[in-house]
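S.K.: I have a structure here, written as structure tokens, and I will follow up with some questions on it.
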Amino acid sequence: MVAERAGVSRSAVSRTFTDGASVSEETRRKVVEAAEALGYHVNHLARQLRERSNIVCLIVSDLTTPVRMAMVDRLTRKLQAAGKITVLLNTESDATSVDHALKLTLHYRADATVVLSGTPSTALVKTALGNGQQVILINRDDRLEGCDNLGLDNASAAREALYLLRRAGCKHPAILTSAARTPSLREREQGFLALAAAENLAVRQVEAEATSYRAGLDAARRVFARSEPCDGIFCVTDLLALGFMDGARQEFGLRIPEDLCVIGFDDIEQASWEAYRLTTFAQPLERIASHVVALLIAKANGAEQPAVNSVFEPVPVWRRSVRPHAD
């Protein structure tokens, strides 16, 4: 229909909508005007499925958490700017759910899959790689052969958190972890406890049922209802920290940072709110997203490169929830 309306051949229409193909400006003008008049849009997906699909699948769980949403936001915007088609697969974090999602990416004939949650089985990853798919794992502790692995130096940030609490004069430090036990959360916990053990420092360990605000609030109730509460705490996520702060202040009358110092991790938007002003560690989401896109573009351009293991340094963000030094 476009060819008939423009008065050109079907091959001329095809060349007009093919990047780099030779076509005169007059023919291009006629074809574009005809296409616009008819409401015609090129089916790039059907064309690309004959070669590269240009599809990148994101496997994600816990989409409602602020830090996960921020990561997805940055990734999708950068992928779109790079001309990629993003397919978001919302999963549970368990291995079975992630495996199912990765199988779907094979049905979509995706060029690449970025896994932000859980870790797919080694056998399934090999199948994806064998089908020419690029697999990128973010913040996973598994180092699967053939995958690009991007992570954070969680342990060093956790050690820095303990140093800040000690500098503030905290005599009874604690760490608030989560039953979620993801690789990143475990690394933060282990880094904090390892430094404490090296310094013969007793640390109280508190485990929340989840990584949510409500779980942090409940943890504060448990901690301060006892006879030996803490005077400084490292919470492995900001959401836990915000809930813990509110519980300590609203239900037990504690002042922050005078009576209690609190440190979080992630630097979500709410951490900067005046009600909290939480000292925390920011994930360099912009740098991670840019690195993902760079890896995808290099692969698409045919660059032969081995899988990479990239580690990003969390950025300390100083606010009012920790005393700058001992009183």
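The values are calculated or read from the model by the stated rules, or taken from the named source; none is laboratory data. Just so it is clear, the model here is predicted, and its values are computed rather than measured. Note that each Cβ is placed from the backbone with ideal geometry, even for glycine, and that neighbours are counted across all protein chains shown. Surface accessibility is based on the protein's heavy atoms, side chains included, excluding ligands, DNA and RNA. Shrake-Rupley method; radii C 1.70, N 1.55, O 1.52, S 1.80 Å.
S.K.: Enter the angle in degrees (range 0 to 90, nearest 10) between the Cα long axis of helix 66-81 and the first principal axis of the Cα atoms of the chain, meaning the one along which they spread out most.
M.R.: That helix lies at roughly 20 degrees to the long axis.
S.K.: Which whole-Hz couplings ³J(HN,Hα) result when phi for each residue of the stretch 164-174 is put into the Karplus expression 6.51 cos²θ - 1.76 cosθ + 1.60, θ = phi - 60°, listed in order with x for Gly and Pro?
M.R.: 5, 5, 5, 4, 6, x, 5, 9, 10, x, 9
S.K.: So what are the ³J(HN,Hα) numbers for the stretch 222-236, from phi and the Karplus equation (6.51, -1.76, 1.60; θ = phi - 60°), rounded to whole Hz, Gly and Pro as x?
M.R.: 5, 5, 8, 7, 9, 7, 10, x, 8, 10, x, 9, 9, 9, 6
S.K.: To continue, here is another question. For the modelled label position 7 Å from the Cα of ARG255 along Cα-to-Cβ, which residues of the stretch 305-326 have backbone nitrogen atoms closer than 17 Å?
M.R.: 320-326
S.K.: Ok, one more. What does the charge count around GLU33 come to, taking other residues whose C-beta lies under 15 Å from its C-beta (Lys +1, Arg +1, Asp -1, Glu -1)? Don't skip to the answer; put the middle values down first.
M.R.: Working: positive: ARG5, ARG28, ARG29, LYS30; negative: GLU4, GLU25, GLU26, GLU36.
Residues near GLU33 contribute 0 overall.
S.K.: Follow-up question, since we're still on this one. What is the helix-to-structure angle for 183-198, meaning the angle in degrees between its Cα long axis and the longest Cα principal axis of the chain, kept from 0 to 90 and rounded to the nearest 10?
M.R.: With rounding to tens, the tilt is 30 degrees.
S.K.: Which residue fluctuates most in the GNM of the chain (Cα springs below 10 Å): SER290, SER272, SER227?
M.R.: SER227
S.K.: Once amide H atoms are placed 1.01 Å from N in the peptide plane, what residues at a sequence separation of 5 or more from LEU58, or on another chain, have their amide H within under 5 Å of its amide H?
M.R.: HN-HN under 5 Å from LEU58: VAL87, LEU88, LEU89, VAL114.
S.K.: Going by amide H atoms built from the backbone, whose H comes under 5 Å of the H on THR237, apart from near neighbours?
M.R.: Amide H to amide H, under 5 Å and 5 or more residues apart or across chains, THR237 pairs with PHE265.
S.K.: Skipping prolines and chain starts, which residues have an amide H placed within reach, meaning under 5 Å, of the one on SER310, given they are 5 or more residues away or on another chain?
M.R.: ASN149, LEU150, GLY151
S.K.: Zone of ASP153 (label point 7 Å along Cα→Cβ, backbone N under 19 Å): which residues in the stretch 165-187?
M.R.: 165, 184-187
S.K.: Something else now. Sorted by accessible area with a 1.4 angstrom probe, largest first, how do HIS172, HIS291 fall? Write out the running numbers ahead of the final one.
M.R.: Numbers: HIS172 110, HIS291 60 Å².
Ranked list, largest accessible area first: HIS172, HIS291.
S.K.: Now a separate question. What angle do you read, to the nearest 10 degrees and between 0 and 90, between the alpha-carbon axis of helix 285-300 and the longest principal axis of the chain?
M.R.: 30 degrees
S.K.: Once you sort the root eigenvalues of the Cα gyration tensor of the stretch 162-261 as a ≥ b ≥ c, which label holds: rounded (a/c under 1.5), prolate (a/b larger than b/c) or oblate (the other case)?
M.R.: Values: a/c = 1.81, a/b = 1.09, b/c = 1.66.
Because a/c hits 1.5 or more and a/b fails to exceed b/c, the stretch 162-261 counts as oblate.
S.K.: Which entry is the computed P(r) over Cα pairs in 10 Å bins from 0, in percent for this structure: (1) 6, 26, 34, 24, 9, 1, 0; (2) 5, 23, 25, 18, 14, 7, 5, 2, 0; (3) 5, 24, 31, 25, 12, 3, 0?
M.R.: Given (1) 6, 26, 34, 24, 9, 1, 0; (2) 5, 23, 25, 18, 14, 7, 5, 2, 0; (3) 5, 24, 31, 25, 12, 3, 0, the structure-derived one carries the label (2).
S.K.: Let me ask something else. Using alpha-carbon positions, what is the distance between the centroids of the stretch 264-327 and the stretch 208-235, in Å?
M.R.: For the stretch 264-327 versus the stretch 208-235, the Cα centre distance is 25 Å.
S.K.: Would you work out what percent of the accessible area of the chain, with all protein chains in place, is carbon or sulfur (probe 1.4 Å)? Provide the component values of the computation, followed by the final result.
M.R.: Working: 7880 of 16220 Å².
It is 49 percent, rounded to a whole number.
S.K.: At a threshold of 8 angstrom on Cα-Cα distance, excluding pairs fewer than six apart, so keeping six or more, what relative contact order does the chain reach in percent?
M.R.: Over the chain, the number comes to 15 percent.
S.K.: Straight-line reach from LYS299: which aspartates and glutamates fall under 12 Å, measuring Cα to Cα and dropping same-chain residues less than 8 apart?
M.R.: ASP111, ASP148
S.K.: If you count only protein heavy atoms with a 1.4 Å probe, what accessible area per residue comes out for the chain, rounded to a whole Å²?
M.R.: Working: 16220 Å² over 327 residues.
Normalised by residue count, the accessible surface of the chain is 50 Å².
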